[in-house]
Amino acid sequence: MIMSDNSPSEFDDLIAKLTEIYLALGEDGLRQMLTENNVPSAQIEEIVAVVIAQVAGDGGNNNDATATLPFETIREWVSNTYAVKKHDIANLEAWRDQLQGAKSRMMGMGDEWGNEVQFVEALLAVLRDETPNLPNEHPYHEPIQALLEALKG
């Protein structure tokens, strides 16, 4: 992200505001707001990664220590995957690319993001018409199972 002469507290304030937007509107809403404000797409990716890390870290409202992603992100990613498999097939490749990008960013954030990488890998498997098999104790097992059940119907 290109930084101006903003002090760290101004940067922290900006990230806090973007985090509020993310929590209210989800990842797609944050991306849309940044796009509407003419933020270059490469910077959007960096901003989204920083905001997700902020939410997942100490600044997030997530009290479940085993699942790092906020509920809204999990819901949104599962819903988007369902939509492109069921009735929005034209956007399947774009969604696959977004998930691949998210997976790459998470892999770059360290081993503590292993569960989230596995979650994204499971979503990508669904897009490939494969059946992911996360263990029952995996923090993202239930959302993946719910997605698989919904796709059967």
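The values are calculated or read from the model by the stated rules, or taken from the named source; none is laboratory data. Here the structure is a predicted model, which is why all the values come from computation and not from measurement. Cβ: placed from backbone, ideal geometry, glycine included. Neighbour counts: every protein chain shown. These area figures cover heavy atoms from the full protein model, side chains too; ligands, DNA and RNA do not enter into them. Shrake-Rupley method; radii C 1.70, N 1.55, O 1.52, S 1.80 Å.
If you check Leu99 against the conditions, is it open to solvent by less than 80 Å² (accessible area, probe 1.4 Å), part of a helix (DSSP H, G or I), in contact with a Phe, Trp or Tyr (Cβ under 8 Å, 6 or more places away or on another chain) and within 18 Å of Ile47 (Cα to Cα)?
Answer is yes for this residue.
Quick check on this structure: which one of Glu93, Glu130, Glu142 is part of a helix (DSSP H, G or I) and either farther than 22 Å from Ala42 by Cβ or open to solvent by less than 60 Å² (accessible area, probe 1.4 Å) (or both)?
When all the criteria are applied, what remains is Glu142.
Every residue, every condition in (1) on the phi > 0 side of the Ramachandran plot; (2) at pLDDT 80 or above; (3) open to solvent by 70 Å² or more (accessible area, probe 1.4 Å); (4) over 14 Å from the mean Cα position of the chain (by Cα), yes or no:
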residue	(1), (2), (3), (4)
Asp5	no, no, yes, yes
Leu14	no, yes, yes, yes
Glu27	no, yes, no, no
Thr35	no, yes, yes, yes
Val39	no, yes, no, yes
Gln43	no, yes, no, yes
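Is it the case that Met1 is farther than 15 Å from Thr73 by Cβ and either modelled with pLDDT of 80 or more or in contact with a Lys or Arg (Cβ under 7 Å, 6 or more places away or on another chain) (or both)?
Against the criterion (farther than 15 Å from Thr73 by Cβ and either modelled with pLDDT of 80 or more or in contact with a Lys or Arg (Cβ under 7 Å, 6 or more places away or on another chain) (or both)), Met1 does not qualify.
Given (1) among the β-branched types (Val, Ile, Thr); (2) surrounded by 15 or more Cβ atoms within 10 Å (Cβ to Cβ); (3) over 30 Å from Glu130 (Cβ atoms); (4) modelled with pLDDT of 80 or more, identify the lone condition not met by Thr73.
(3)
List, please: which pairs have Cβ atoms under 7 Å, are six or more places apart or on different chains, and start with a residue in the stretch 117-134 that is over 15 Å from Leu92 (Cβ atoms) and end with one that is open to solvent by 10 Å² or more (accessible area, probe 1.4 Å) and in a loop (DSSP other than H, G, I, E, B)?
Close Cβ pairs (under 7 Å, with a partner that is open to solvent by 10 Å² or more (accessible area, probe 1.4 Å) and in a loop (DSSP other than H, G, I, E, B)) amount to Gln118/Leu134; Gln118/His138; Ala122/Pro132; Ala122/Leu134.
Quick one: which residue in Glu112, Glu149, Glu121, Glu137 is within 16 Å of Thr68 (Cα to Cα), modelled with pLDDT of 90 or more and assigned to a helix (DSSP H, G or I)?
One residue alone meets the criteria, Glu121.
Run down Glu112, Glu137 and say which single residue is of a type outside the set (S, T, N, Q) and free of Cβ contacts under 8 Å to residues at least 40 places away in the same chain.
Glu137
Report yes if Leu147 is over 21 Å from Ala49 (Cβ atoms) and open to solvent by less than 60 Å² (accessible area, probe 1.4 Å), otherwise no.
Yes.
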